[in-house]
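Structure first, commentary second.
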Amino acid sequence: MILLVLSISSSCAYESQNREKLVSSFEDNFGFKPPESIKEIKLKNRGYFDFQVHYMSFTYDSDVLEKIIAHDQPLNVVERNNVKFEIIIEDLKKDPNYPKWFDIPDKNIDRIYYKTDFLDHTFSEYYLWTDKKTAMTYLYVHFFD
């Protein structure tokens, strides 16, 4: 008698900090290749059944940020000391699986760019911010069906 055990997982994950390998991911997200001023790019994608989460961080460059904001319209902006700002931070803190390099917005953040229900899924959310202290920009995209 032969017993065959087959394990199929409905989860997937990918993480990299290799800038060269992540140029295409940056371009897929923002519609252009990162210029040389973007020295560092980090990415983690994870999914399980019907949801996906994308975490990305990259070196801050004001021209690049302006180009991303123009590309990703329509975006809302929320400033610090606003109830919505605090709600977004609390929502981000609920994710127990973000990478160690992914900094949740804290005192070094003035504003968060965001939008919801922008993808062809049941629910989607997008958050973009820059940490002034570390000079890194962060993107968080989450969606599910």
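At a 1.4 Å probe radius, carbon and sulfur cover how many percent of the accessible area of segment 73-144?
Carbon and sulfur together cover 49 percent of it.
Could you calculate the contour length gain from residue 39 to residue 116, that is, 0.36 nm times the residue separation minus the distance between their Cα atoms, to one decimal place in nm?
This chain segment gains 24.8 nm when fully extended.
How far apart, in nm, are two points set 7 Å out from the Cα along the Cα-to-Cβ line at residue 66 and at residue 20?
3.2 nm
With every protein chain kept in place and ligands, DNA and RNA left out, what is the accessible area per residue of segment 73-144? Probe 1.4 Å, answer in Å².
55 Å²
Amide H to amide H under 5 Å from residue 41: which residues, 5+ apart in sequence or cross-chain, H placed 1.01 Å off N in plane?
Amide H neighbours of residue 41, under 5 Å, 5+ apart: 19.
Describe numerically, in nm with one decimal, the distance between label points set 7 Å from Cα along Cα→Cβ at residue 51 and at residue 144.
0.3 nm
Could you check how much of the accessible area of segment 15-60 is carbon and sulfur, as a whole percent, using a 1.4 Å probe?
45 percent
The values are calculated or read from the model by the stated rules, or taken from the named source; none is laboratory data. Just so you know, these numbers come straight off a predicted model, no measurement behind them. Cβ coordinates were reconstructed from backbone atoms using ideal geometry, including for glycine residues, and neighbour counts include every protein chain displayed. SASA here: full protein model, heavy atoms, side chains in, ligands and nucleic acids out. Shrake-Rupley method; radii C 1.70, N 1.55, O 1.52, S 1.80 Å.
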